[in-house]
Amino acid sequence: MKTLIIYFSQTGGTKKIAEAIRTGIKSVGAECDLIKIKNVDPSGLRKYDLIGFGTPTFFYREPLNVQRFINNLPEMQNMHAFIFATHGSCLGNTFYYLSEELKEKGFVVIGAFDSYSDSSLQFYPKPMHTYGHPDEIELKEAEEFGKKICRISEKIRQGNLNLIPNFKLIEDTWWAKDSKLLTPKTLRMISPKFQINMEKCTQCMLCQTECPGDAVDISTNPPEIQKEGCIFCWFCEKVCPTGAIEADWSIIRANTKSNLRKYIKLLEEAEKQGKFRPYVDYRKIR
């Protein structure tokens, strides 16, 4: 079996899970290539038997760049796919939307895996609740998932269609309601307006090369940032080595204080169920 894992990762958590899944796939004798989403040539996907798509969860679903990538894929009739995601406290409807988008392109989604991952946003405290994740247990679980997904693919090809999962859209929770409100238009309105301080900027191009939405252009005068295509990850500001990208985080920090309390409740319930292992006292994070 020839497999491919396509992933988007910023802080490294999703990449770790992708690598662990690949280890599991290769351990059962299957070939497995691993590639970042920005480096994918869609015309070469048909040579694979099974394709995995990995992403962090943004605003309770997959990020805008992942949505655009899938929407621009060619028709892949009956191609087997699996999906995986990392998240800070809430997976949201990530699997539902990913599976629906892939089905539109002809994929058959045969499995899914998720894990916690350390996340660090500029307007939240440090460390965050999920510090230390994905941990060794999650990485081992991801490896086992890689082994299992190959067997599932083979059984489905043999006619066992009952193994194909069905992902439900969740609509009756606070986070589902928030997710519907967080459209690209709304995100642009609430996002801090970034400015590039040219006295600090060395034109190292790091913000441009690391931008997943190709929304930064340092070559223009003045440089452009948060252009059309921005996915509101705010990663460019975070990675700037000289602090040349400046933003006022006070408004969004004030507006998201209540989210911390909600995240704590989600993690407390997950910890009771044995799904979450804390490595910091997350109840004290304010």
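Coordinate-derived values only; no laboratory data. These numbers were taken from a predicted model, which means no experiment stands behind them. Here Cβ is always computed from backbone atoms with ideal geometry, including for glycine, and neighbour counts include all displayed protein chains.
Ordering S99, S191 from the fewest to the most neighbouring beta carbons within 10 Å gives S191, S99.
Relative to the longest principal axis of the Cα atoms of the chain, the long axis of helix 136-157 makes an angle of roughly 40 degrees.
Assuming a ≥ b ≥ c are the square roots of the Cα gyration tensor eigenvalues, decide whether segment 124-178 counts as rounded (a/c under 1.5), prolate (otherwise, with a/b larger than b/c) or oblate. Cα axes put segment 124-178 in the oblate bin. Per-peptide packing, taken as the mean over residues of other Cβ atoms within 10 Å, places 40-46, 275-281 in the sequence 275-281, 40-46 from highest down.
When only Cα pairs below 8 angstrom with a gap of at least 6 residues are kept, the chain shows a relative contact order of 18 percent.
Run the Debye formula on the Cα coordinates of the chain, all scatterers equal and no solvent, and tell me log10 I(q)/I(0) at q = 0.08, 0.14 1/Å. Calculated log10 I(q)/I(0) at the listed q: -0.36, -1.09.
Cross-link pairs exceeding 22 Å between alpha carbons, from the set K177/K227; K15/K238; K47/K105; K15/K148: K177/K227. Between the Cα long axis of helix 94-104 and the first principal axis of the chain there is an angle of about 60°, rounded to the nearest 10.
DSSP finds beta bridges in the chain, and of those with both partners inside it, around 15 percent are antiparallel. Here the label points at E228 and K177, each 7 Å from Cα along the C-beta direction, are separated by 3.4 nm in the simple model. Extending 7 Å from the Cα toward the beta-carbon at both T11 and Q77 defines two label points whose distance is 4.3 nm. Hey, what did segment 193-247 get for relative contact order, percent, Cα under 8 Å, at least 6 apart? Here the relative contact order equals 46 percent. The alpha-carbon positions of segment 2-163 define a convex hull whose volume is 104 Å³ per residue.
For segment 1-143, the share of DSSP beta bridges that are antiparallel, to the nearest 5, is 5%.
Shape descriptor for segment 193-247: Rg over Rh equals 0.90 (Cα atoms; Rh from the Kirkwood inverse mean 1/r). Among the cysteines of the chain, those with no neighbouring cysteine Cβ under 4.7 Å are C32, C90, C150, C201, C204, C211, C230, C233, C240. Per-peptide packing, taken as the mean over residues of other Cβ atoms within 10 Å, places 214-220, 141-147 in the sequence 141-147, 214-220 from highest down. Would you mind classifying segment 62-144 by shape? Square roots of the alpha carbon gyration tensor eigenvalues, ordered a ≥ b ≥ c; an a/c under 1.5 is rounded, otherwise it is prolate if a/b is larger than b/c and oblate if not. Note, shape of segment 62-144 comes out oblate.
With each label modelled as a point 7 angstrom along the Cα→C-beta vector, the V280-E100 pair spans 3.4 nm.
Most simply put, segment 65-194 has about 0% antiparallel DSSP beta bridges, counting only bridges with both residues inside it. Less than 5 angstrom separates the built amide H of D114 from those of A85, all sequence-distant by 5 or more or on a different chain.
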